[in-house]
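Every read-out reported here was derived from the displayed coordinates using simple, explicitly stated rules and does not represent laboratory data. Given the structure is predicted, the values throughout are model-derived calculations rather than measurements. A quick note on method: Cβ atoms are made from the backbone with ideal geometry, for glycine too, and the neighbour counts reach across all protein chains shown.
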Amino acid sequence: MSVDLVLGPRPEEPGPPIGGPQAYHADAHGRLAADAATIIARYPHPRSALLPLLHLVQSEDGYLTTAGVRFCAHQLGLTDAEVNAVATFYSMYRRTPTGDYLVGVCTNTLCAVMGGDAIVEALATELGVDPGHTTGDGRITLEHIECNAACDYAPVVMINWEFFDNQTPSSAKQLVHDLRNGHTPTPTRGAPLCPFRDTARTLAGLPSRGGGGS
Ligand code: FES
């Protein structure tokens with residue numbers, strides 16, 4: 001017996017080139033350089049700090065910009081091309097401006113079969129944007145994501161990398177409704193949800209700008 005599965009479209013690849021601002025203003029550069037020094041001091045070789053530094057510049061801009069790539073290269077003694085090669089390999093580094101909340105719907109095989117494709121469609125209709133795009137108010141970016149090793153809880157939605165398990169189209173629509181109305185939903189497990197740039201700063205290994213721990 002054979003079973004035909006109709007899966008959703010592949011996510012757009014390889015993605016747009018890194019662009020945006022070419023350099024930071026002096027005050028932002030000084031602030032980032034101080035944070036970068038803290039991060040680099042944790043490693044025996046400066047270049048080992050590239051991944052957290054990419055999160056650091058992502059926390060500044062909301063995505064990776066030419067300014068961020070050049071900053072990382074300068075801090076670590078790397079070329080722009082070397083930084084670009086790493087930055088474009090990992091999907092957690094964004095190449096386009098990202099909303100306060102990055103809503104990722106897993107559409108790998110199991111999640112897709114369990115309803116992930118239907119969730120993407122429902123959210124695209126609800127938000128009025130296609131996957132890969134941000135709502136006009138800058139609040140929410142919708143995208144396909146790859147398997148996050150949470151297949152037991154399919155279909156999975158991740159908001160700023162926090163898990164929301166066993167979703168349905170209606171529960172996912174409620175999540176984005178809450179976000180757009182200033183209510184922060186509680187993830188199924190893990191850390192509390194916070195805005196995208198704050199999450200990026202946590203991933204850089206730094207405390208929040210408010211001075212609290214991460
Ligand atoms: S297929 Fe969705 S988490 Fe594994």
key: Protection proxy ranking of 85-93, 66-74, 49-57, 107-115 - average other beta-carbon atoms within 10 Å, highest first   = 49-57, 66-74, 107-115, 85-93
request  = With both partners inside the chain, how many of the DSSP beta bridges are antiparallel, as a percent to the nearest 5?
outcome  = 55 percent
remark   = Which residues qualify? For GLY20, with a placed amide H closer than 5 Å and at least 5 residues away or on another chain, they are THR66
query = With no solvent and one point per C-alpha, what does the Debye sum give as log10 I(q)/I(0) for the range 1-126 at q = 0.09, 0.12, 0.16, 0.21 Å⁻¹?
reply = -0.36, -0.57, -0.82, -1.15
request  = Pick out which of ASP137, ASP198, ASP117 has the largest mean-square fluctuation in a Gaussian network model of the chain, springs linking Cα atoms closer than 10 Å.
outcome  = ASP137
task = Could you check which residue among ALA26, ALA191, ALA122 shows the biggest mean-square fluctuation in a GNM of the chain with a 10 Å Cα cutoff?
result = ALA26
inquiry  = How big is the dipole moment of the range 78-206 about its Cα centre under a simple scheme where the beta carbon of each Lys and Arg is +1, that of each Asp and Glu is -1, and everything else is neutral? Debye, nearest 20, please.
reply    = 260 debye
key: Among SER170, THR134, GLN58 the positive-end extreme of the charge dipole of the chain (Cβ point charges)   = GLN58
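Report, in deg cm²/dmol and to the nearest 500, the calculated mean residue ellipticity at 222 nm for the chain, where each DSSP H run with n ≥ 4 adds -39500 (n - 2.57) and the sum is divided by the residue count.
Values: 7 runs with 77 residues, N = 214.
The per-residue figure over the chain is -11000 deg cm²/dmol.
Using a 10 angstrom Cβ neighbour count of at most 16 plus a DSSP loop assignment to flag exposed GluC sites (Glu not before Pro), which longest range of the chain is free of such sites? Don't skip to the answer; put the middle values down first.
Details: sites that count: GLU12, GLU146.
That would be 13-145.
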inquiry  = From zero outward in steps of 10 Å, how is the percent of C-alpha pairs of the range 133-182 spread across the bins?
reply    = 23, 55, 21, 1
request  = Under 4.7 Å Cβ to Cβ, no partner at all: give me those cysteines from the chain, in residue order.
outcome  = CYS72, CYS147, CYS151, CYS194
query = Which value, in debye to the nearest 20, describes the size of the charge dipole of the range 1-151 about its Cα centre when Lys and Arg Cβ atoms bear +1, Asp and Glu Cβ atoms bear -1, and nothing else is charged?
reply = 600 debye
For HIS133, residues with placed amide H under 5 Å, excluding near neighbours = LEU142
message = Above 24 Å lies some portion of the pair distances; for the range 49-203, what is it as a whole percent of all C-alpha pairs?
response = 34 percent
